[in-house]
Amino acid sequence: MLQLGHDQLLGAYRRMSTIRAFEERLHDEIKTGEIGGFTHLYSGQEAVAVGICDQLTVEDKIVSTHRGHGHCIAKGCDVKGMMLEIYGRAGGLCKGRGGSMHIADLDVGMLGANGIVGGGAPQAVGAALAAKMDGNGRVGIAFSGDGACNQGTTFEAMNLAVVTKAPAIFVFENNHYSEHTGVEYAVGTANDIASRAEAFGMKVWRANGCDFFDAYAQFRDLLEYVRAGNGPAAIELDTERFYGHFEGDPQRYRGPGELDRIREERDCLKAFRKVVTDAALLTDAEMDAVDKEVGILIDEAVAQARAGADPDPATVADDVYVEYY
Amino acid sequence: MAVMNIREAILSTLHAEMERDGDILLLGEDVVGGNGTAGGPEAIGGIWGTSTGLWEKFGPNRVIDTPISESAIIGAAAGAALAGKRPVAELMFADFVGVSLDQLWNQMAKFRYMFGGKTKCPAVVRMVYGAGMQTAAQHSQSVYALLTAMPGLKVVLPTTPADAKGLLTEALRGDDPVMFFEHKALYGVKGEVPDGDYRIPFGQARMVREGGDVTVVACGRMVNFAEKAADKLVADGIGVDLIDLRTTSPLDEDAILDSVEQTGRLVVVDESPPRCSLAADIAALVATRAFTSLKAPPEMITGPHAPIPFSRVLERAWLPSPQTIEGAVRRTLAFR
């Protein structure tokens, strides 16, 4: 058992609960047609984002994926600002220009979700090289799915990090599906992505991505290793995606009862609650109170986002450095 | 003649051509869908519905689900084409051209020329493009101008089901790399499609309507918008020559120049930012080759010099519209 204090545990629970409530609510709200574009939900993977980001400082940088809401919340992005962004409002974190796939908040070290699979990994190496220049012990972290581990950019980034001894961390969230294709088909090393990082010359860790305590403990060891100046490292976390690739995905690739089974057996929030109550570290009442507060926060975020002002159409070509026509 | 939509026209053409020519193979992300899952292959059948049933009929050697690896998809298509096959590579979104650009630009497009004309590279790259569905900056772009500018590629943009069949068949029978653009907002457009063998030669624009007052040149979904504008204008007695380019490389220069020589007025509509765009290219063509025919400056209706925003309101502000096209037609007529 990790030696985490009461407040740390309750804080971790709050962040996981916030991610879950945010995503479950979006799943419902998307059906109203008020939210356009593509939305990829993070439900099921909360223990990964929180188990990792809870150990980072605001100066540590992360790059995220198309399935980025969980990373954003775990790294400290404002939940209401995120909801406004997903509704395309002027008050959104990216002024409504980015949407679900492109949320970023550099003030909290969140360098951006990414619509291109594999687009982020090299940028994490860049952030790591910046930290190395400053000699400040900070790290650059690339969250990647099992899909992104097949992109050339990810391979190039891993090798670049190794040869430059950059304090880069490659986090592979293996949720078993590259969009609509199974990982056994799409990844030549099947359910072993970490071995690829190992082949590039990195030290690797493996963890159960549905177990906050395992994710936290394995990443703690990894982080200590990277912060000590040993160069890059990687961790693969076995996790579950409770929804489809995107909202609207019919998920015909799932087996019978699969979604019920993973919600029953692989729910990181349920597992967390059991561990902390069995060990008498937190009470159900405390966590229920957190859930209630989170529910109110999400209600407020949705109400604010639904009522939010749209961006001024005259701003469409702002922030492009140069003007034409 | 059968009535079908563009999606069905593409799917049925792929079925027919793969039946006819055993050298054609298809590869791309989730073109089968469900491989390696409990649901099994074809659980999805292609997320756009343009490859449904192909795997079952033609098997895994000819219908290949790839990992998310766009450089490898395009590069493998280039190599298979050099090796004598006729690959059709699918990019789920045309924006992913960015990931695979080297294989298109430095490789596929250059082979025939660079190897002294001794090779063929009969690869077709099908890609889904276009804005209007709030898919934001990395899933909405119309990168046809970028690829049109590359010597060694042919660029095709069907706007009707009949054209989708005729142009895709032509692409699959040709010996050169073809960039085949499918607009995500046009898949449901219905129309009559000729039965049997139907090919449309590249470089032949389609005269959508003849009105004689102003020449409007468009491609892709902008043809659809221009038709709406032309419908409004005709009520005021303004007749539009509407030209659907169908292919931007090769370009039917004669169709454009012949029309402008009659009307003296040009509006070009392009779902792209303005700089180095197709609109700029065609305006330059007319300015240099039909200068004395012009009665007004060419009008270019494009997006602004900006990425495509997510917000519904901003995306609408970004896109050309029937209203902005109509306004341009009226401006060019009012010019004195």
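The values are calculated or read from the model by the stated rules, or taken from the named source; none is laboratory data. The model shown is predicted, which means the values in this text are computed figures rather than measured ones. Every residue, glycine among them, receives a Cβ derived from its backbone with ideal geometry; neighbour counts consider all protein chains shown.
So which of A:GLY96, A:GLY115 is in contact with a Gly (Cβ under 7 Å, 6 or more places away or on another chain), within 14 Å of chain B (Cβ to nearest Cβ) and at pLDDT 95 or above? Walk me through it before giving the result.
Working: A:GLY115 fails: in contact with a Gly (Cβ under 7 Å, 6 or more places away or on another chain).
After applying the criteria, what remains is A:GLY96.
If you go through the stretch A:70-87 and keep only what is part of a loop (DSSP other than H, G, I, E, B) and either closer than 23 Å to A:GLY145 by Cα or free of Cβ contacts under 8 Å to residues at least 24 places away in the same chain (or both), you end up with A:GLY76, A:CYS77.
Going by what's in this entry, would B:THR135 be described as surrounded by 22 or more Cβ atoms within 10 Å (Cβ to Cβ), of a type in the set (Val, Ile, Thr) and over 17 Å from B:ARG246 (Cβ atoms)? Even if it seems obvious, please write down each step before you answer.
On the way: surrounded by 22 or more Cβ atoms within 10 Å (Cβ to Cβ): yes; of a type in the set (Val, Ile, Thr): yes; over 17 Å from B:ARG246 (Cβ atoms): yes.
Judged against the criteria, B:THR135 is a match.
Among the residues of the stretch B:298-328, those identified as touching a Phe, Trp or Tyr at 6+ places or on another chain (Cβ under 8 Å) and within 7 Å of chain A (Cβ to nearest Cβ) are B:PRO304, B:HIS305, B:ALA306, B:PRO309.
Taking the stretch B:58-101 only, how many residues are β-branched (Val, Ile, Thr) and more than 20 Å from B:ALA145 (Cα to Cα)? Don't jump to the end; show me each part of the working.
Within the stretch B:58-101, the subset β-branched (Val, Ile, Thr) is B:63-64, B:66, B:68, B:73-74, B:88, B:97, B:99.
If we keep only those that are more than 20 Å from B:ALA145 (Cα to Cα) too, we end up with B:63-64, B:66, B:68, B:73, B:88.
So the answer is 6.
Please work out if A:GLU85 is away from chain B (no Cβ under 14 Å) and either at positive phi or in contact with a Gly (Cβ under 8 Å, 6 or more places away or on another chain) (or both). Taking the combined requirement at face value, the residue does not satisfy it. Of the strands (runs of 3 or more DSSP E) lying entirely inside the stretch B:133-209, those containing at least 1 residues that are basic (Lys, Arg) span B:154-156, B:190-193, B:206-209.
Before we move on, is A:LYS95 surrounded by 24 or more Cβ atoms within 10 Å (Cβ to Cβ) and of a type in the set (D, E, K, R)? Quick ask: steps written out before the conclusion?
Working: surrounded by 24 or more Cβ atoms within 10 Å (Cβ to Cβ): no; of a type in the set (D, E, K, R): yes.
Against the criterion (surrounded by 24 or more Cβ atoms within 10 Å (Cβ to Cβ) and of a type in the set (D, E, K, R)), A:LYS95 does not qualify.
Here B:PHE291 meets the list (1) closer than 14 Å to B:ILE256 by Cα; (2) within 13 Å of another protein chain (Cβ to nearest Cβ) almost entirely, failing just condition (2).
With the structure loaded, tell me whether A:THR65 is out of contact with any Phe, Trp or Tyr (no Cβ under 7 Å at 6 or more places or on another chain) and either touching a residue at least 60 places away in the same chain (Cβ under 8 Å) or assigned to a helix (DSSP H, G or I) (or both) or whether it fails that test. If you could, list the steps in order and put the result at the bottom.
Values: out of contact with any Phe, Trp or Tyr (no Cβ under 7 Å at 6 or more places or on another chain): no; either touching a residue at least 60 places away in the same chain (Cβ under 8 Å) or assigned to a helix (DSSP H, G or I) (or both): yes.
Taking the combined requirement at face value, the residue does not satisfy it.
Condition test on A:GLU265, is it within 12 Å of another protein chain (Cβ to nearest Cβ), surrounded by fewer than 19 Cβ atoms within 10 Å (Cβ to Cβ) and closer than 29 Å to A:VAL204 by Cβ?
Working: within 12 Å of another protein chain (Cβ to nearest Cβ): no; surrounded by fewer than 19 Cβ atoms within 10 Å (Cβ to Cβ): yes; closer than 29 Å to A:VAL204 by Cβ: yes.
Considered against the rule, which asks whether it is within 12 Å of another protein chain (Cβ to nearest Cβ), surrounded by fewer than 19 Cβ atoms within 10 Å (Cβ to Cβ) and closer than 29 Å to A:VAL204 by Cβ, A:GLU265 comes out as no.
Do you know which of the residues in the stretch A:149-172 that are surrounded by fewer than 20 Cβ atoms within 10 Å (Cβ to Cβ) and either assigned to a helix (DSSP H, G or I) or within 17 Å of the chain's Cα centre (by Cα) (or both) is farthest from the other protein chains (Cβ to nearest Cβ)? Only one residue tops the list, namely A:THR164. Taken together, the residues in the stretch B:25-45 that are more than 7 Å from chain A (Cβ to nearest Cβ) and either of a type in the set (Ser, Thr, Tyr) or without any contact (Cβ under 8 Å) to a residue 24 or more places away in the chain (or both) amount to 3.
Return yes when A:ASP134 is among the acidic types (Asp, Glu), away from every other protein chain (no Cβ under 14 Å) and within 17 Å of A:ALA49 (Cβ to Cβ) and no when it is not.
On the way: among the acidic types (Asp, Glu): yes; away from every other protein chain (no Cβ under 14 Å): yes; within 17 Å of A:ALA49 (Cβ to Cβ): no.
No.
Do we find a residue being under 29 Å from A:ALA128 (Cβ atoms), touching a Lys or Arg at 6+ places or on another chain (Cβ under 7 Å), of a type in the set (Val, Ile, Thr) and not in a loop (DSSP other than H, G, I, E, B) anywhere in the stretch A:18-32? No, there is no match, as no residue in the stretch A:18-32 is under 29 Å from A:ALA128 (Cβ atoms), touching a Lys or Arg at 6+ places or on another chain (Cβ under 7 Å), of a type in the set (Val, Ile, Thr) and not in a loop (DSSP other than H, G, I, E, B). Might you check whether a residue that is of a type in the set (S, T, N, Q), closer than 30 Å to B:LEU168 by Cβ, crowded, with 24+ Cβ neighbours inside 10 Å and touching a residue at least 60 places away in the same chain (Cβ under 8 Å) occurs anywhere in the stretch B:247-257? Checked against the condition, which is being of a type in the set (S, T, N, Q), closer than 30 Å to B:LEU168 by Cβ, crowded, with 24+ Cβ neighbours inside 10 Å and touching a residue at least 60 places away in the same chain (Cβ under 8 Å), the stretch B:247-257 yields at least one hit.
Per-residue answers, yes or no, for (1) surrounded by fewer than 16 Cβ atoms within 10 Å (Cβ to Cβ); (2) of a type in the set (A, V, I, L, M, F, W, C); (3) away from every other protein chain (no Cβ under 14 Å):
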site: A:ASP284; (1), (2), (3): yes, no, yes
site: A:MET287; (1), (2), (3): no, yes, yes
site: A:ASP299; (1), (2), (3): yes, no, yes
site: A:ARG306; (1), (2), (3): yes, no, no
site: A:PRO313; (1), (2), (3): yes, no, no
site: A:VAL320; (1), (2), (3): yes, yes, no
